[in-house]
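The block underneath contains the structure these notes are about, expressed in structure tokens.
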Amino acid sequence: MFIQNQKIKKVYQEKYKKYGIDPKSLSWHKKGAAHQRFRQFWAEIDFNNKSVLDVGCGFAEMAKFLRKRYTGVDYTGVDIVPEFIEEAKKNYPFYKFHVRDYFSNPFPERVDIVLSSGVLNSNLSAGKTGVKNNMEYRKKAIQTMFEHSKKVLAFNMLGAHPQPKNDPKSNVWYADSLEVLKFCMSLTRRLILRANYHPTDFTIFMYTVKG
């Protein structure tokens with residue numbers, strides 16, 4: 001997955017050069033789009049006194065909300081874009097941040113909660129990245145994150161069911177939410193799909209099963 005993730009890194013670095021500290025650098029049209037996704041997370045998860053890994057944290061906007069709403073959160077943010085991590089460190093020096101290609105090189109330790117918002121949206125079939133199947137890339141990423149969560153993995157993704165039509169030249173790719181859900185069910189029987197907040201975006205919560 002290394003080559004594919006380097007392509008993603010380059011795209012976001014170009015956006016950062018153009019927009020600076022702005023939601024557009026993270027491929028959000030405005031802050032409200034990201035916050036809409038965040039609300040799905042805290043509507044379902046109690047973050048109090050939990051260890052949290054934010055994969056693809058960007059400028060760590062999620063960290064600000066966790067600090068405001070919860071206590072005892074042990075937050076770590078990772079991103080493949082060094083510029084994003086530098087800004088996150090400036091804004092939230094009390095949290096831990098790392099420049100890391102997490103999907104290719106995950107941390108060995110597990111945490112209570114793994115989050116990923118707006119990360120699994122890129123069209124990696126466009127260009128020379130070695131990716132012929134966007135869905136397979138997403139499945140590998142989901143499995144990696146779930147294997148490193150003690151309690152729950154929560155992620156969102158562009159898509160719906162039936163699958164929206166994709167433009168092969170676009171930088172984003174819309175998944176079939178039902179196919180993603182079925183894959184997640186192969187990893188755990190405890191999960192939730194939220195698809196009622198946006199016509200072409202969905203959130204899945206995957207809970208670990210004890211015993």
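The values are calculated or read from the model by the stated rules, or taken from the named source; none is laboratory data. Note that this is a predicted model, so its numbers are computed, not measured. Cβ: placed from backbone, ideal geometry, glycine included. Neighbour counts: every protein chain shown.
Have a look at 29, 35 and point out the one that is outside any loop (DSSP other than H, G, I, E, B), closer than 28 Å to residue 195 by Cβ and under 17 Å from the mean Cα position of the chain (by Cα).
Testing whether each residue is outside any loop (DSSP other than H, G, I, E, B), closer than 28 Å to residue 195 by Cβ and under 17 Å from the mean Cα position of the chain (by Cα) leaves just 35.
Would you check if residue 22 is modelled with pLDDT of 85 or more and surrounded by 12 or more Cβ atoms within 10 Å (Cβ to Cβ)?
Taking the combined requirement at face value, the residue satisfies it.
Collect the residues in the range 1-34 that are free of Cβ contacts under 8 Å to residues at least 12 places away in the same chain and either touching a Lys or Arg at 6+ places or on another chain (Cβ under 9 Å) or closer than 20 Å to residue 66 by Cα (or both), keeping them in residue-number order.
Matches in the range 1-34: 18, 22, 23, 24, 30, 32, 33.
Here are the criteria: (1) in a loop (DSSP other than H, G, I, E, B); (2) under 21 Å from residue 56 (Cβ atoms); (3) not hydroxyl-bearing (Ser, Thr, Tyr). Tell me which single one residue 210 does not satisfy.
(2)
Can you tell me which of (1) surrounded by 15 or more Cβ atoms within 10 Å (Cβ to Cβ); (2) touching a strand residue (DSSP E or B) at 6+ places or on another chain (Cβ under 7 Å) is the one residue 209 doesn't meet?
(1)
Looking at (1) surrounded by 15 or more Cβ atoms within 10 Å (Cβ to Cβ); (2) at pLDDT 95 or above; (3) part of a helix (DSSP H, G or I), which is the one condition that is false for residue 137?
Of everything listed in (1) surrounded by 15 or more Cβ atoms within 10 Å (Cβ to Cβ); (2) at pLDDT 95 or above; (3) part of a helix (DSSP H, G or I), residue 137 misses just condition (2).
I'd like the full set of residues that are buried (at least 19 other Cβ atoms within 10 Å of the Cβ) and over 16 Å from the mean Cα position of the chain (by Cα), limited to the range 38-47.
47
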